[in-house]
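Down below is the structure, laid out as structure tokens.
The values are calculated or read from the model by the stated rules, or taken from the named source; none is laboratory data. Everything numeric in this text was worked out from a predicted model, so none of it was measured. Note that we place each Cβ from the backbone using ideal geometry, even for glycine, and neighbour counts take in every protein chain shown. For accessibility, only protein heavy atoms count, side chains too; no ligands or nucleic acids. Shrake-Rupley method; radii C 1.70, N 1.55, O 1.52, S 1.80 Å.
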Amino acid sequence: MIVVNTLKITNHQTLAISGFNPFYRIKSCSICGKTEVKLSKLIDILDATIMSGEEHLDMDVNTAFSADLMSDVLAFAKPKSILLTGLTNPQVVRTASILDASAIVIVRGKIPPAETVELAKELNIPIVLTKYILFETSGRLFMNGMVGCVEKIGDS
Amino acid sequence: MVPTLKYKNTFPVEGGNFDNAGVISLQIKNIIRDMGFPDDIQRRAAIAIYESELNIISYARAGNINVRIAPHLICIDAADEGPGIEDIDRAMKDGYSTANDRIREMGFGAGMGLSNIKKCSDKFEIISETNKGTHLKILIDIN
């Protein structure tokens, strides 16, 4: 039997805890539908450092797309999402800018080359670095209320 | 009646040079944004141009991207001198690619490009001749 306890933690956010699952996930607010993940909170969750775009710490980052294939990012990612990737070349920044992605999270402890950071500054896109692997990065953000910018391919 | 063009330009693209991939796309995106076209149109045009740039850089010796913007239409022509596409139906299938390792290391060449251009355009035509080149004709309606 699955028991779900709902605990009200703020006036517009509910925390659902599944009775049999040791992992729980903060669900979006049942009233306004927002999860309220800010870039600053994402940095906390991922024990991350910010390389560019410090002025965007207060930005909402509620949806994401994880991939090392820029071809797939271009074909499937939705605007205003963050891009989680292990690639560090400047094309990642251009791809993000073309798609109106709101930030880039570089995973697996990779350090982007200077030209990538310079381009991100020029195009005003925050770059965040985390040592977590892509699976852990995505999982930790998901547990904190972020969701994929699409759930399955074929959904619009 | 021929609509008055708001913008017209042709950009050369050098085959094999990934450093500038996306530069034309971002430039046009800014122009379209400044013209006040909706976000969705900006993004679709930018993706179609970026994929066209990547195709020329990845596979051709050289090419040109011509962009014309009219009040209700964006017209993108990407023409290259290159190997051409042997089987267009096959190339349009998601996942089919002839990309080499260098292209894949950059995160591209997954075989999504042509179908993605089709998804972003209202009318899309491929004209290709083996060992001569490829011409992509892309139209985006602005409603």
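The table that follows gives values for the structure above.
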read-out	value
Conditions (1) at pLDDT below 95; (2) assigned by TED's automatic domain parsing to the domain that holds residue A:124; (3) touching a Ser or Thr at 6+ places or on another chain (Cβ under 7 Å); number of the one not met by residue A:71	(3)
Those helices (runs of 4 or more DSSP H) lying entirely in the range B:67-143 with at least 1 residues among the hydrophobic types (A, V, I, L, M, F, W, C) and out of contact with any helix residue (DSSP H, G or I) (no Cβ under 8 Å at 6 or more places or on another chain)	B:88-91
Some residue of the range B:124-142 being at positive phi, away from chain A (no Cβ under 14 Å) and either among the charged types (D, E, K, R) or surrounded by fewer than 19 Cβ atoms within 10 Å (Cβ to Cβ) (or both)	yes
Positions within the range B:103-143 being of a type in the set (Phe, Trp, Tyr) and touching a Phe, Trp or Tyr at 6+ places or on another chain (Cβ under 9 Å), in sequence order	B:108
Every residue from the range A:33-66 that is open to solvent by less than 10 Å² (accessible area, probe 1.4 Å) and within 12 Å of the chain's Cα centre (by Cα)	A:37, A:39, A:42, A:46, A:61
Single condition residue B:43 does not satisfy, out of (1) open to solvent by 10 Å² or more (accessible area, probe 1.4 Å); (2) more than 10 Å from chain A (Cβ to nearest Cβ)	(2)
Near pairs, Cβ below 6 angstrom, 6+ apart or cross-chain, from the range B:6-34 (more than 10 Å from chain A (Cβ to nearest Cβ)) to any residue that is polar (S, T, N, Q)	B:10/B:64; B:10/B:66; B:12/B:64; B:32/B:42; B:33/B:42
Failed item, numbered, when residue A:68 is tested on (1) facing chain B (nearest Cβ under 10 Å); (2) more than 30 Å from residue B:114 (Cα to Cα)	(2)
